[in-house]
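> Can you read through this structure? Questions will come right after.
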Amino acid sequence: MTDNSLKGKTSQGLLWGGLSNSIQQLLQLVFGIFLARLLTPGDYGMVGMLIIFSNIASSIKESGFTAALTNKKDASHRDFNAVFWCSTLLGIILYIILFFGAPLIARFYNQPQLTPLARLLFLGFLISSTSTAHYAYLFKHMMVRETALAQTIAIVVSGVAGVTMAFCGMAYWGIAIQNLTYIITFTLLAWYFSPWRPTLNIDLAPIRPMLNFSIKLLITNIFRHINENIFSVLLGKLFKVSDVGFYSQANKWSTMGQSLISGMIRGVAQPVLSEVNNDKERLQRVFRKMLCFTAFISFPVMLGLALISEQLITIAVTDKWIDCVPIMQLLCIWGAFLPILSLYQQMIISQGKSDVIMWHSIITGVLQIVLLLLTAPYGIHTMVSAYVVFNIIYMLVWQHYIRRYTGVGYIDALKEIAPFALMASATMIATHYITIYIDNIYLLFTAKIVVAVVIYIVLMSITNVSIYKESITFVKQKLTQKK
């Protein structure tokens, strides 16, 4: 594939990824507002305590097959069919285990009502196990538009179902039904959009060559889910259910922001980087461009979200959730770095080095659990602060492997990242002091957004940032083509 065709596929993927993620985050925002107004922190806490079990089970049934099939240059029907049956069988086995294990989970949290809730919520990964191969096909062939459409429709259908249930007084069952409806809808649409179909010839032999790579990703994903959800487990065990709810709400809002960028990058990073991994000079050039673009978007979005968090939470879901604001602000700081970490990991995976991801996910997972247990006596805010600082510092370790595989060293990465981190930080500080005397919450919310956008654009223009000019040119070209 030539540089121009690769650039075109990457640009198209980023365009559709950015557009779809923006629409999806907006839809989730709207439905999230309705649900948060109808439900209590305790309702969110009930579901939050179960998410880690559901996510880990989902990782086991997926087992890293999507990445393994994407890296495989000549993946055939036989490969996809083996993944389909393996994933489906794993889904059935895991659901049976967790169905009978649900009372133990309820006993761990001392919440008997978790037993029926868990059995319903865990149906999600059982159903999604039948679409692992179909999603892998869409991902491998960079069918970003089809994937985006499936995700968007699923969000709308599940959002309506969740809000309807909550409005009818079903409490935390509304959140569970929303999650389950999303999975059912996306699974059906993944089957619809993917031209690949399974056959009854069950042959799991093609799984064996993938295992050395995929099993490492499986372990990685398990520890990633532990890392992401350990707060909910510890808070549910050590604190009140409402504390889990406040953390879940803060995490939900911060995740909306960073997943907008991470989702856009993940949709194209591994397929594109896998395409050029035999040409180190070309790989380095493509990776640096992606790193620059990620930082250009990530820092202003996430630091801006932290800036407006108090007004956003109060306006959107009322001040009954105001206690989640400090937690959300801390998570937004780490959220500014998360898309960069996601890009780093996609880079390492594209080199077939899933063992690196695995071991460092295990190390960070263990260290985080120890760190959180040590800081738990000092309260939730101290725990979150320690979590954020630790993960930002650990980025230096990930950068070591980027230097090894791409030649992009610490100074090179700093040159791509630091200007945007500094300009975004300066933008938010300036915006805070410019708008500090505005009393009306709606005017303050609007003013902060407008002032921050204007200042950031002015800084981009004055410093003549190339990625900014390229992005503007690309958007103009697309708008012109439509006309």
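> What is region 241-483's relative contact order, in percent, from Cα pairs under 8 angstrom and six or more apart in sequence?
Taking the mean separation of contacting Cα pairs over the length of region 241-483, I get 26 percent.
> Taking the beta-carbon count within 10 Å as an exposure proxy, list PHE108, PHE186 from fewest neighbours to most.
With the sparsest Cβ surroundings first, the list reads PHE108, PHE186.
> What helices does the chain hold that run 30 Å or longer along their axis, going by alpha-carbon atoms, with a Kyte-Doolittle average of 0.5 or more, using DSSP H for the helix calls?
Result, helices passing both filters: 41-62, 77-109, 144-167, 172-193, 207-238, 280-317, 325-350, 354-375, 380-406, 410-434, 441-462.
> If the limit is 29 Å between Cα atoms, which of LYS72/LYS415; LYS140/LYS216; LYS216/LYS240; LYS240/LYS448 go over it?
LYS72/LYS415; LYS216/LYS240; LYS240/LYS448
> Based only on other Cβ atoms within 10 Å, what is the fewest-to-most ordering of PHE223, PHE299?
Ranked by crowding around the Cβ, least crowded first: PHE223, PHE299.
Read the figures in this text as sums done on the coordinates, not as results from a lab. Computed from a predicted model, the values in this text were never measured in an experiment. Cβ sites come from the backbone with ideal geometry, for glycine too, and all protein chains shown count toward neighbours.
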